[in-house]
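The values are calculated or read from the model by the stated rules, or taken from the named source; none is laboratory data. These numbers were taken from a predicted model, which means no experiment stands behind them. Glycine gets a Cβ as well: all are built from the backbone with ideal geometry, and neighbour counts include every protein chain shown.
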Amino acid sequence: MKKNNYLKIITPIIKRAGENARKKWLRFNRSQSVMKSQTQIVTAVDRDTEKELIKQIKKYFPSHGFLGEEYGYSDKKSDFIWIIDPIDGTTNFSIHNPLWSISIGLAYKGEIIFGIIYVPVLEELFWANIKQGAYLNGLKIKPHHKSEKSKQIHTFCHGSKKKDLKLALEYYRQQKLNALDCRQLGSAAIELAYVATGRVDSIIIPGANIWDVAAGALIAQEAGIMVTDFKGNMWNLKSHDIAAARSDIMADILKKIQKLKS
Ligand code: IPD
Ligand code: CA
């Protein structure tokens, strides 16, 4: 299977799943959400979308394994694992905010080799094959220029553990006071894709879930963005945290995080 075939096969699958989810989003009412934990909700759309994506992808790759946010692992032994977040940004979804996405990454022997993110309401499809650059709706994402410090906009997410939330809040406070802005857009996948395209300058996530970031990390890397853990090591699927930014500002971001941790 050539690398480029992943794109050809997954594009119609992710777009169809996105369109089905979008139709449900139009009529969605918050009372239909179910609490997953104190800070997390889930909807029938998350579950149905994951089931459908796995069913469709399996038709083409029957020997591959899957890891989805809602149903966990199936066939962990395969060298190929599809890492799926059926709806990244479920809270946004539930409040009729259009910033939610479907995120699919493919890992081969523990390394992400293909990533694709679809934002159905905005009809934006981001993708990357390893070592082949990153694309948005068919156009190659070009490396972008430095932004003036006073114009920088940072983003953040956080895992559900209290210590991760606290670090994210302290970081938010620091950046909010010093940069143009710091925001939580509510979908880690979209935030990584936005760093890749230069719409925002950085993202940090203490306690990142791999289904939220697998595809976005590759897309950002392939767009020329540095993607690391909080010690500055290259990010991988085992990293607890993730930071993504252009190389000219990454050192500053990691320094801020280290200071907050000490
Ligand atoms: C969440 C989003 C959010 C991030 C959370 C994630 P979900 O994913 O990516 O931006 O702050 O850590 O859990 O639950 O909407 O798929
Ligand atoms: Ca999700």
>> Return the residues of segment 12-28 that are under 12 Å from VAL45 (Cα atoms) and touching a residue at least 60 places away in the same chain (Cβ under 8 Å); say none if nothing qualifies.
In response: ALA17, GLY18, GLU19, ALA21, ARG22, TRP25, PHE28
> From the list GLY72, GLY65, which residue is free of Cβ contacts under 8 Å to residues at least 12 places away in the same chain and not hydroxyl-bearing (Ser, Thr, Tyr)?
Replying inline: GLY72
> Regarding ASP164, is this residue at pLDDT 95 or above, exposed (fewer than 15 other Cβ atoms within 10 Å of the Cβ), among the acidic types (Asp, Glu) and in contact with a strand residue (DSSP E or B) (Cβ under 9 Å, 6 or more places away or on another chain)?
Replying inline: no
> For segment 213-247, what are the residues that are surrounded by fewer than 24 Cβ atoms within 10 Å (Cβ to Cβ), touching a residue at least 40 places away in the same chain (Cβ under 8 Å) and among the hydrophobic types (A, V, I, L, M, F, W, C)?
Replying inline: LEU237
> Of all residues in segment 76-90, how many are in contact with a Phe, Trp or Tyr (Cβ under 7 Å, 6 or more places away or on another chain) and touching a residue at least 60 places away in the same chain (Cβ under 8 Å)?
Replying inline: 6
> Looking at segment 195-212, which of the residues that are more than 8 Å from ligand 1 (Cβ to nearest atom) and within 22 Å of GLU111 (Cα to Cα) is surrounded by the fewest Cβ atoms within 10 Å (Cβ to Cβ)?
Replying inline: ILE210
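With LYS24, LYS55 as the choices, which residue is over 20 Å from the mean Cα position of the chain (by Cα), loosely packed, with under 14 Cβ neighbours inside 10 Å and either over 24 Å from ASP164 (Cβ atoms) or at pLDDT 95 or above (or both)? Even if it seems obvious, please write down each step before you answer.
Values: LYS24 fails: loosely packed, with under 14 Cβ neighbours inside 10 Å.
Unique residue meeting the criteria: LYS55.
Could you please let me know if ILE84 is within 12 Å of ligand 2 (Cβ to nearest atom), under 14 Å from the mean Cα position of the chain (by Cα), modelled with pLDDT of 95 or more and not aromatic (Phe, Trp, Tyr)?
Details: within 12 Å of ligand 2 (Cβ to nearest atom): yes; under 14 Å from the mean Cα position of the chain (by Cα): yes; modelled with pLDDT of 95 or more: yes; not aromatic (Phe, Trp, Tyr): yes.
Considered against the rule, which asks whether it is within 12 Å of ligand 2 (Cβ to nearest atom), under 14 Å from the mean Cα position of the chain (by Cα), modelled with pLDDT of 95 or more and not aromatic (Phe, Trp, Tyr), ILE84 comes out as yes.
Answer with yes or no whether LEU185 is within 16 Å of ligand 2 (Cβ to nearest atom), surrounded by fewer than 21 Cβ atoms within 10 Å (Cβ to Cβ) and under 26 Å from ASN129 (Cβ atoms).
Values: within 16 Å of ligand 2 (Cβ to nearest atom): yes; surrounded by fewer than 21 Cβ atoms within 10 Å (Cβ to Cβ): yes; under 26 Å from ASN129 (Cβ atoms): yes.
Answer is yes for this residue.
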